[in-house]
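Taking it in order: structure first as structure tokens, then the write-up.
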Amino acid sequence: DTGNGEQLYECPMCSLTCTNIQILEDHVDLHLEEQNFSEGGNIRDLELAQRLQTEEDKWQRSEEEKREREEFKKLQRQYGLDNSGGYKQQFLKNMEREVDRGRMQPFDYHKRKADMMECLAFGIDDGKTKTSGVIEALCKYYQDENKDVRHVWLSTGVDHFHSSLGDRGWGCGYRNFQMLLSSLLQNSLYNDCLRDTTLIPSIPKIQSMIEDAWREGFDPHGASHFNNRLHGSKAWIGACEIYSLLTSLRIKCQIIDFHKPTGPMGTHPRLFEWVLRYYSTDNEGGAKVACTSKPPIYLQHQGHSRTVVGIEEKKNKTLCLLLFDPGCPAQEMQKLLKQNSDGTSLKLLRKFVGSLKEKQYQIVAVDGVLSLEEKAACCHASQVLTSEKIP
């Protein structure tokens, strides 16, 4: 009451006074509408923020899936599982490139293509990357060497095979199998196992032989990695595939896994000691040079494989592996056939303990023949195959 008989009405929300109740009601309604709008705006802001976050999460997932697909495709290309063709396709493509660059005449292209197609049809290697006689040359060299080698043990004769236009960049595992097989074919102990393999098979033929081993039941886990198919691909193979193939041929072998360094600076002295025992067992006589009946050893590490063909023991007791590398071209290997008296060409083969410093190595070592029953047992065991580990 204002004292002159006029009634005042106070707003409960902002203390504004009005002389008319209707005006006050309209004023309070404005307050309520403003409050409702404010609250609704907050809700809309929250909804917008949630939607933006959902879209951001979706975009990030999409980008991650894209990166994973690209990485997977990169790995497929790296390991030859991208359906880009195999040995034959790469051979032809690389020859066409040589013609385009003027480094091969069209006549040579057609002749080599015809030769390749004939070899592939018969499943045999063309022998164009092979170097024979190196082990025999080494044996002669070591007989005359009088400096620092106390003992040397050498495998039975091994032919060297290097990568060609058809398998460059991915064929080392197959080439090392060819080296190992070239030695086994010279050892009468394995005649029965290899009666169907009298000539060195081509790389596509080796791929088919591994697929045959998988169909027999060897290493189903490994087979699934390749979708049970190698032929027509550039797929890399490793120790497990070599083991499966050899065992399917009734050739007794084992995988030894040197899964971590055993010496200073990331070295693997126990690998060298194992190889020494492999060669020196049954060959411990006093002769300086032991040309043993032992097959070479398949040596695998991440991204590459080589073939151990012997081991030196120096007068100071240090050990040195002798390795055939599929990446070494024939013209370099042939230098070993005319070995200089100072042995400089042996640098191609020699690997000391400090030279092998990969994190992990695997070897496949051959040691005799399996009976049919033993082969069946190995097949069963390979279905849960775990390699022996050197602690």
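The values are calculated or read from the model by the stated rules, or taken from the named source; none is laboratory data. Keep in mind it's a predicted model, so treat the numbers as computed, not measured. SASA here: full protein model, heavy atoms, side chains in, ligands and nucleic acids out. Shrake-Rupley method; radii C 1.70, N 1.55, O 1.52, S 1.80 Å.
Which angle between 0 and 90 degrees, to the nearest 10, do you get for helix 172-184 versus the longest principal axis of the chain when only C-alpha atoms count?
For helix 172-184, the angle is close to 30 degrees.
In straight Cα distance, which lysines are under 23 Å from residue 252, not counting same-chain residues fewer than 8 positions off?
Within reach: 205, 294, 375, 389.
Carbon and sulfur atoms: what percent of the 1.4 Å accessible area of the stretch 130-389 do they account for?
Ligands and nucleic acids excluded, carbon and sulfur give 50 percent.
Checking the cross-link filter: which lysines have an alpha carbon closer than 21 Å to that of residue 317, excluding same-chain neighbours under 8 positions apart?
147, 288, 347, 351, 357
Mind checking the angle between helix 372-382 and the chain's longest principal axis? C-alpha axes, 0 to 90 degrees, to the nearest 10.
Between the helix axis and the principal axis of the chain, the angle is about 30 degrees.
So if I take the alpha carbon set of the stretch 145-249, get Rg, then get Rh from the Kirkwood formula, what is the Rg over Rh ratio?
1.05
What accessible area per residue comes out for the chain, rounded to a whole number of Å², with a 1.4 Å probe?
55
So what's the angle, to the nearest 10 degrees on a 0 to 90 scale, between helix 21-78 and the longest Cα principal axis of the chain?
10
Over 10 Å intervals from 0, what percent of Cα-Cα pairs in the chain sits in each interval?
Taking all Cα pairs of the chain, the binned fractions are 4, 18, 24, 18, 10, 4, 3, 3, 4, 4, 4, 3, 1, 0 percent.
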